[in-house]
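See below for the structure under consideration.
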Amino acid sequence: MSDLKVTLIQSQLHWENIAENLRMFDEKINSIPERTEVIVLPEMFSTGFSMQSARLAETMDGSAVQWMKKKAAEKNVIITGSLIIKDGDRYVNRLIWMQPNGVYGIYDKRHLFGYAGEHEHYLPGDKRLIAQVKGWKINLSVCYDLRFPVWARNAIIAETGAPAYDVLINVANWPERRNTPWKTLLQARAIENQAFVIGVNRVGNDGNNIYHSGDSSIIDPMGEIIYQKAHDEDIFTYTLERARLEEVRKNLPFLKDADRFQVL
C-alpha cells in the first residue's frame, strides 16, 4: 500500500452565494502547483453554515455537485466537502466523496448542531461512509460529529484482522470561540483511533458575524500535530505515510484491547 497525498483548502466563504463560492474554489484548485490525490473543502463550502435549507438546497443534479464532478475529472483528483442537499422531501448536510470517474459516495451528517438550530432545518443521517483510495480506508465526518467519539470509534474487523479505517476526515464551520475543543478533539480522535486525522475548517466571519479562525489540521496517529493553520486562508498539501501508520499500530497495538459495542 502506497502513501497518499492530500490537500487541505482553508478558505473564507461567500455567505449564501453558491456561484461565487464555486468560482472561488475553482481558482484555488487551479492554483495547486503539485500533483495531489485528495482535496478537502470545508463544511457547506458552497454557502457557509446557513439554516436557509429550503432556499439554498440543491439536488444531486445541481450546480455544486456537477462542479465537483467536472473538477474531479479535470484534475484527476478526489474532491470532498459538504453541501446543502434536497433529497426527496428531506434537507440534509451531505458530505460528498467525488471521484475522478464521476462515481461518488455520500455521508449525511449524523449529529446536527442543536445549539444553532440545525436539527430544525435538516434531518440526520444514520450511516457512516468509509471510502477507499489506494488501499487507504477513510472515515468521513462533518463538524459536530467530532464531539462524539463512539461515532468515530475505530475497531478491528474480525474478518480481516485490520482496523476499520486509517484516516478520519472532518469538514467544518467551527467557530473561533470554541477552537480549543476543535483542536483538542482532533488530537483525541487521532490518538484513540490510531489513525491520521484531517480537519478542514473555514476562516473569517459568516453571515451571522460569527468568526472562524480555521485551525485546519493534520494529526498523526500518535496525536502529533503535523500541520495547523490559524486565521489565514491556506492551501496545504501533505503526503500521508503508510509506514508511519503501520509503525504506530505495530509497536502499540492498542486497538485490539478496545471495548466492543454496537451503535444503534
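General observations
- Gain on full stretching of the segment that runs from Arg35 to Arg242 - 0.36 nm per residue minus C-alpha separation: 72.7 nm
- Highest mobility in the GNM of the chain, judged by mean-square fluctuation with C-alpha springs under 10 Å and restricted to Thr160, Thr47, Thr180, is found for Thr160.
- Distant-in-sequence amide H partners of Tyr227 (H built 1.01 Å from N, under 5 Å): Ile218
- Net charge over other residues, Cβ less than 15 angstrom from the Cβ of Leu8 (K, R count +1; D, E count -1): -3
- Note on the chain: Rg/Rh from C-alpha atoms, Kirkwood Rh, equals 0.94.
- Cα centre as origin, Lys/Arg/Asp/Glu Cβ charges: the chain dipole, Debye: 420 debye
- Cleavage-rule hits, GluC sites (Glu not before Pro), the range 138-192, DSSP coil, Cβ neighbours within 10 Å at most 11: Glu159
- Percent of beta bridges antiparallel (DSSP, the chain, rounded to nearest 5): 70 percent
- Less than 5 angstrom separates the built amide H of Asp3 from those of Arg242, all sequence-distant by 5 or more or on a different chain.
- Residue-wise HN-Hα coupling along the range 112-121, computed from phi with Karplus coefficients 6.51, -1.76, 1.60 (Hz; x: Gly, Pro): 8, 7, x, 4, 9, x, 4, 5, 7, 10
- Remark: the range 156-234 carries a charge dipole of roughly 280 debye about the Cα centre, counting +1 on each Lys and Arg Cβ and -1 on each Asp and Glu Cβ.
- Choice from His121, His111, His212 with maximal GNM fluctuation in the chain (Cα, 10 Å cutoff): His121
- Average Cα contact separation per residue, the range 4-257, under 8 Å, 6 or more apart, as relative contact order %: 20 percent
- Each residue, Thr59 and Arg260, gets one label point 7 Å from its Cα in the Cβ direction; the gap between the two is 4.5 nm.
- Net charge contributed by nearby residues that have their C-beta within less than 12 Å of Met98 (K/R +1, D/E -1): +4
- Contact order relative to length of the range 125-171, as percent, for alpha carbon pairs under 8 angstrom and 6 or more apart: 40 percent
- Cross-link partners of Lys86 among lysines (Cα-Cα below 26 Å; sequence separation of 8 or more within a chain): Lys69, Lys70, Lys71, Lys109, Lys127
- Most fluctuating residue given options Pro181, Pro163, Pro33, as computed from a GNM of the chain linking Cα atoms under 10 Å: Pro33
- Overall, the anisotropy analysis places the range 52-193 in the oblate class: the square-rooted eigenvalues a ≥ b ≥ c of its C-alpha gyration tensor yield a/c not less than 1.5, with a/b not exceeding b/c.
- Eigen-decomposition of the gyration tensor built on the alpha-carbon atoms of the range 46-95 gives equivalent ellipsoid semi-axes of 21, 11, 8 angstrom, largest listed first.
- Helix-only CD estimate at 222 nm, as mean residue ellipticity for the chain, using -39500 (n - 2.57) per DSSP H run (n ≥ 4): -6500 deg cm²/dmol
- Cβ-based net charge around Lys127, under 9 Å, with every Lys or Arg adding one and every Asp or Glu removing one: 0
Rule-based calculations on the coordinates, nothing more; no lab input. Everything quoted here is computed from the prediction, not taken from an experiment. Please note: Cβ atoms are built from the backbone with ideal geometry, for glycine as well, and neighbour counts cover all protein chains shown.
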